[in-house]
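The values are calculated or read from the model by the stated rules, or taken from the named source; none is laboratory data. The model shown is predicted, which means the values in this text are computed figures rather than measured ones. Because the Cβ atoms are built from the backbone with ideal geometry, glycine has one as well, and the counts that use them run over all protein chains shown. Only protein heavy atoms, including side chains, enter the accessible area calculation; ligands, DNA and RNA are left aside. Shrake-Rupley method; radii C 1.70, N 1.55, O 1.52, S 1.80 Å.
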Amino acid sequence: MVFSAAAAAALSSSSSTMISSRFLHSSAPLALQSRHITEKKISLSPPTSQRRVFSLLPSVSRMGFVSQRVKKESSNLRIFASATDISVEKSVEEVHLHKGDMWSVHKFGGTCVGSSERIKNVAEVIISDATERKLVVVSAMSKVTDMMYDLIQKAQSRDDSYLSALDAVLEKHKSTAHDLLDGDELAGFLSRLHHDISNLKAMLRAIYIAGHATESFSDFVAGHGELWSAQMLAAVVRQNGVDCTWMDTRDVIIVNPTSSNQVDPDFMESERRLEKWFSQKPSKTIIATGFIASTPDNIPTTLKRDGSDFSAAIMGSLVKAGQVTIWTDVDGVYSADPRKVSEAVILKKLSYQEAWEMSYFGANVLHPRTIIPVMRYDIPIVIRNIFNLSAPGTMICQSSVSENGDGQKEDSPVKGFATIDNLALVNVEGTGMAGVPGTANAIFGAVKDVGANVIMISQASSEHSVCFAVPEKEVKAVAEALQSRFREALHAGRLSQVQIIPNCSILATVGQKMASTPGVSATLFNALAKANINVRAIAQGCSEYNITVVIKREDCIRALRAVHSRFYLSRTTIAMGIIGPGLIGATLLDQLRDQTAILKEEFNIDLRVMGITGSKTMLLSDMGIDLLRWRELLKEKGEVADLEKFTHHVRGNHFIPNTVLVDCTADSNIASCYHDWLRKGIHVITPNKKANSGPLDHYSKLRALQRKSYTHYFYEATVGAGLPIISTLRGLLETGDKILRIEGIFSGTLSYLFNNFVGTQTFSEVVSEAKAAGYTEPDPRDDLSGTDVARKVIILARESGLKLELADLPIQSLVPEPLRGCASAGEFMEKLPQFDHDLAKERQQAEDAGEVLRYVGVVDAVNKKGIVELRRYKKDHPFAQLSGSDNIIAFTTRRYKEQPLIVRGPGAGAQVTAGGIFSDILRLASYLGAPS
């Protein structure tokens with residue numbers, strides 16, 4: 001069929017016309033009469049765009065209003081067509097829309113077409129798609145829809161700046177078109193653009209005068225961004241030699257508005273209109289507008305929230321496409337919000353149900369209504385990144401046995417996690433609720449009356465209470481409504497209270513068939529407990545797709561990270577604070593420095609030192625201290641030490657669910673803080689003996705708190721440095737053995753002294769050598785007094801169940817009585833030789849009897865006592881076989897009665913002590929979910 005230029009222009013015109021001066025006053029709709037042409041007459045109905053009706057403006061076309069110009073063009077068309085000898089009706093009938101897998105549907109959001117360069121990239125994606133037929137849905141350029149709504153707002157507020165704002169809209173699209181197009185394509189687009197802007201200016205002027213714009217008129221104005229982006233993209237594709245046409249989806253998608261600010265597609269009518277549209281404009285590549293549609297009365301409207309995604313799903317359903325691809329700026333659907341969980345992973349597959357569960361709870365997934373049209377025909381939706389074409393994206397499809405990249409079934413029933421913040425929990429409770437029909441109806445009827453949205457409901461089987469979550473901004477109205485509705489019941493005592501719990505968040509765990517998989521709930525709540533998260537309410541539907549918990553808002557991110565880490569075996573991240581960067585603390589930091597990368601790579605354990613503090617200076621970091629430079633950073637960026645501020649900082653990082661403070665000091669003041677730290681959910685690891693050997697009631701409170709919570713308190717290094725003394729003792733007790741006696745050489749310093757106190761060497765000479773070699777404390781009296789050994793004995797006694805105080809132990813001090821008051825260590829060392837004869841005599845007596853001297857601590861569990869003293873042992877006794885600074889501990893138990901269980905090894909030194917602390921840190925990580 002051949003048309004003149006004028007006829008072709010009239011036929012293809014989707015724009016409309018200049019506003020009529022009688023528009024504001026006329027109530028009669030304008031219409032164009034259809035002209036039926038056969039043989040000498042072509043049958044052509046005017047485009048539906050020329051028959052739009054608005055509630056504010058009585059007769060308006062899609063891009064303007066019907067004017068004499070359209071009538072003139074239509075008249076020209078009729079005159080020319082009458083001279084032809086072709087039946088258009090017959091020709092149209094021969095073009096059919098074939099549906100099925102030969103169609104692929106693509107949707108590109110505003111960021112994808114946000115600039116001329118990005119529009120070119122989109123065109124390349126379209127052209128490279130090998131599918132036989134392509135239908136592409138596009139949004140307005142980024143920010144344009146907001147600009148259009150701003151125009152309406154300014155106009156109805158009678159703000160003259162709407163004119164300059166409209167000029168900005170024109171300039172944005174004009175400059176983009178100049179970047180993209182040339183020749184006839186550029187001229188044609190600019191002509192339509194200027195025509196549309198002229199009409200919009202007249203329309204906005206009308207709104208300015210009226211001071212009001214109806215919803216229909218707002219929808220009409222807002223939809224222009226999609227019209228322009230679709231036209232430009234279609235022109236770019238054509239310039240690349242591909243046959244392509246653009247579609248105004250208001251000619252095709254028909255929807256019925258609902259009372260909930262949403263719309264319901266009329267699929268039957270939309271399918272009929274698509275058939276008609278395609279018969280007139282058949283093409284293998286169609287660029288369609290997203291977001292906009294029409295009512296059954298041909299009034300322009302929009303598809304509301306996520307409208308362009310919805311458009312793509314509707315069009316995919318209408319053509320029964322093989323796949324709908326939603327192009328965006330992320331690589332796919334994440335297992336959790338990557339801004340909150342850095343270890344979140346891209347999900348390869350989601351079922352339709354999993355996708356809408358996650359989207360409801362705020363995840364970056366399709367809106368549930370977007371999924372419904374494609375579900376009718378099992379059409380998969382793929383979320384892909386336009387800026388990373390190598391990423392495969394996430395496929396949302398009908399549920400089936402999922403497989404991973406290696407063809408193995410995925411074992412985890414949990415797919416993802418999402419959160420909703422700024423909620424309040426409303427709890428209605430009372431004994432009068434139980435068994436009373438209509439109570440729940442009355443409660444939620446009151447909530448409905450104030451227009452509040454109930455996010456989650458939970459009711460115990462006792463019917464004693466009902467609790468539900470609502471947005472925090474609505475809770476005041478809800479509370480007042482409930483107080484009013486149940487005033488009589490509250491007064492009579494049938495209801496005890498309407499309680500409001502503010503500052504809440506919801507954490508949703510989503511996965512198909514979670515409820516039918518044993519242990520999922522246990523794992524979820526165990527992970528929350530170990531992160532010290534308290535759950536206020538729980539809900540799980542029988543659909544098996546979702547477990548929802550209500551928690552404190554301040555705990556939300558920690559909870560999200562904790563459960564994600566547990567199910568995805570992502571890095572078990574622990575925020576650490578190191579207290580006391582002295583000899584042992586510094587050695588620990590160096591060990592962490594050397595091992596951190598290996599722990600991350602091989603064991604998924606991420607240990608981040610967020611703070612280091614000494615007695616005078618501390619160093620804090622938000623992301624983790626560079627352990628290669630911690631010494632110089634402490635000097636350069638250190639601030640005045642403040643233990644309270646230090647603790648708050650280390651725990652305050654909500655992006656890390658688990659916190660541990662490592663006390664490498666021997667300070668009793670710091671030990672006194674342990675209980676408060678544990679109560680706040682901070683784990684404690686220490687070689688400091690002061691807490692466990694201090695007042696018995698303080699120790700008892702610590703252990704009681706540890707037992708009833710998931711907060712851990714590890715202190716292996718308090719007794720045997722790096723030796724497994726505490727763990728061995730616990731293992732014996734937990735397996736039902738009974739401790740009879742624990743005897744050992746617990747001091748590496750005293751072990752060294754008596755291992756070398758042989759021959760003719762005096763005791764003072766051995767002490768001097770040990771001090772020079774670094775085996776003793778700066779003041780050797782701290783070792784020789786026996787107090788350190790006594791503390792270890794007390795710790796083991798208490799672990800064995802004995803209730804002993806340090807004062808209960810008789811301690812044999814090796815510090816001569818006259819020297820205990822020496823003013824300095826130097827004075828003590830100078831006078832010590834004067835007392836060598838006493839120990840020399842004891843040594844000689846032992847040698848004469850074939851024995852050796854050893855300084856030991858003993859826990860006598862049978863007689864419930866302990867002792868610290870110098871003893872003699874036969875040379876074939878295990879205690880006589882030691883060398884260097886080794887420790888040795890013998891456990892005599894009901895099982896190991898004849899032959900004691902012996903633990904032996906280095907019991908002193910910074911390396912082994914720091915190693916023992918490090919071992920406790922890794923044990924904590926294992927308890928928190930890291931693979932063992």
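Some values worked out for this structure:
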| item | result |
| --- | --- |
| Some residue of the stretch 159-176 being touching an Asp or Glu at 6+ places or on another chain (Cβ under 7 Å) and more than 25 Å from ASN298 (Cα to Cα) | yes |
| Pick from the stretch 364-403, criterion over 18 Å from TRP327 (Cβ atoms) and either among the small types (Gly, Ala, Ser) or touching a Leu at 6+ places or on another chain (Cβ under 8 Å) (or both), ranking: modelled with the highest pLDDT | SER399 |
| Tally of residues being of a type in the set (Gly, Ala, Ser) and at pLDDT 80 or above across the stretch 404-438 | 4 |
| Residue list for the stretch 811-839, restricted to those being open to solvent by less than 40 Å² (accessible area, probe 1.4 Å), under 19 Å from ARG871 (Cβ atoms) and in a helix (DSSP H, G or I) | LEU839 |
| Members of the stretch 154-167 found to be surrounded by fewer than 15 Cβ atoms within 10 Å (Cβ to Cβ) and of a type outside the set (Ser, Thr, Tyr), listed by number | ARG158, ASP159, ASP160, ASP167 |
| Residue, surrounded by the fewest Cβ atoms within 10 Å (Cβ to Cβ), within the stretch 862-910, restricted to residues that are more than 51 Å from the chain's Cα centre (by Cα) and aliphatic (A, V, I, L, M) | VAL862 |
| Residue list for the stretch 552-569, restricted to those being among the hydrophobic types (A, V, I, L, M, F, W, C), within 24 Å of GLN353 (Cβ to Cβ) and open to solvent by less than 20 Å² (accessible area, probe 1.4 Å) | ALA559, LEU560, VAL563 |
| Check on TYR699, touching a residue at least 24 places away in the same chain (Cβ under 8 Å), among the hydroxyl-bearing types (Ser, Thr, Tyr), farther than 21 Å from SER919 by Cα and surrounded by 16 or more Cβ atoms within 10 Å (Cβ to Cβ) | yes |
| Some residue of the stretch 168-180 being open to solvent by less than 20 Å² (accessible area, probe 1.4 Å) and within 16 Å of VAL221 (Cβ to Cβ) | yes |
| Selected residue (criterion: farthest from ALA910 (Cα to Cα)) from residues of the stretch 676-700 that are assigned to a helix (DSSP H, G or I) and among the hydrophobic types (A, V, I, L, M, F, W, C) | LEU696 |
| Subset of the stretch 215-230 (residues that are open to solvent by 10 Å² or more (accessible area, probe 1.4 Å) and either of a type in the set (S, T, N, Q) or modelled with pLDDT of 95 or more (or both)) | SER216, SER218 |
| Search result, residues across the stretch 528-538 that are modelled with pLDDT of 85 or more and open to solvent by less than 10 Å² (accessible area, probe 1.4 Å) | LEU528, ALA537 |
| Residue satisfying condition, being under 23 Å from PRO581 (Cβ atoms), in contact (Cβ under 8 Å) with a residue 12 or more places away in the chain and not in a strand (DSSP E or B), within set THR728, THR711, THR718 | THR718 |
| Test: residue in the stretch 679-691 that is under 24 Å from the mean Cα position of the chain (by Cα), surrounded by 19 or more Cβ atoms within 10 Å (Cβ to Cβ) and small (Gly, Ala, Ser) | yes |
| Given (1) in contact (Cβ under 8 Å) with a residue 40 or more places away in the chain; (2) more than 35 Å from the chain's Cα centre (by Cα), index of the condition GLU354 fails | (2) |
| Hits in the stretch 306-359 (condition: among the basic types (Lys, Arg) and either in a strand (DSSP E or B) or open to solvent by less than 10 Å² (accessible area, probe 1.4 Å) (or both)) | LYS349 |
| Filter pass, ASN887 being among the polar types (S, T, N, Q) and in a strand (DSSP E or B) | yes |
| Helices (runs of 4 or more DSSP H) wholly inside the stretch 734-810 containing at least 2 residues that are open to solvent by less than 10 Å² (accessible area, probe 1.4 Å), among the β-branched types (Val, Ile, Thr) and closer than 22 Å to ASP860 by Cβ | 787-799 |
| Single match in THR295, THR370, THR302 (criterion: within 25 Å of the chain's Cα centre (by Cα) and of a type in the set (S, T, N, Q)) | THR370 |
| Given (1) among the small types (Gly, Ala, Ser); (2) over 30 Å from VAL237 (Cα atoms); (3) open to solvent by less than 50 Å² (accessible area, probe 1.4 Å); (4) not in a loop (DSSP other than H, G, I, E, B), index of the condition ALA123 fails | (2) |
| Residue within the stretch 265-279 that is out of contact with any Gly (no Cβ under 7 Å at 6 or more places or on another chain), within 30 Å of HIS564 (Cβ to Cβ) and small (Gly, Ala, Ser) present | no |
| Residue in the stretch 503-526 that is free of Cβ contacts under 8 Å to residues at least 40 places away in the same chain, surrounded by fewer than 16 Cβ atoms within 10 Å (Cβ to Cβ) and among the hydrophobic types (A, V, I, L, M, F, W, C) present | yes |
